[in-house]
Amino acid sequence: MEINTKNFKKWVKAALVRAAKTTAQTAAATIGVAALMSEVNWTAVISASVLAGILSVLSSVAGLPEVKEDDYDVN
């Protein structure tokens, strides 16, 4: 079983874009909440953001709406 390289690259790009957006959104939300509490815990911001990015990539394994299902065909 061989995966089409072009389709795999398309999936990786879409998954990484989604993960970057998720990471940025998590960081913005965490900083916003921490700022309201008067002190930003940068360790917590970074760890929550990285975890969100990892979980985004893992959930992308189930499928990405940005990439058509036909693009997952295995040759």
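The values are calculated or read from the model by the stated rules, or taken from the named source; none is laboratory data. None of the values given here were measured: they were computed from a predicted structure. Don't worry about glycine lacking a Cβ; one is built from the backbone with ideal geometry, like all the others, and counts go over all protein chains shown. Surface areas here come from the heavy atoms of the whole protein model, side chains and all, with no ligands, DNA or RNA. Shrake-Rupley method; radii C 1.70, N 1.55, O 1.52, S 1.80 Å.
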Q) For the stretch 33-69, what are the residues that are open to solvent by 50 Å² or more (accessible area, probe 1.4 Å), at pLDDT 90 or above and either over 30 Å from Lys13 (Cβ atoms) or of a type outside the set (A, V, I, L, M, F, W, C) (or both)? A) Thr43, Ser47
Q. Right, Thr23: at pLDDT 85 or above, open to solvent by less than 100 Å² (accessible area, probe 1.4 Å) and under 14 Å from the mean Cα position of the chain (by Cα) or not?
A. yes
Q: Could you please let me know if Asn75 is open to solvent by less than 100 Å² (accessible area, probe 1.4 Å), modelled with pLDDT under 80 and either in contact with a strand residue (DSSP E or B) (Cβ under 9 Å, 6 or more places away or on another chain) or among the polar types (S, T, N, Q) (or both)?
A: no
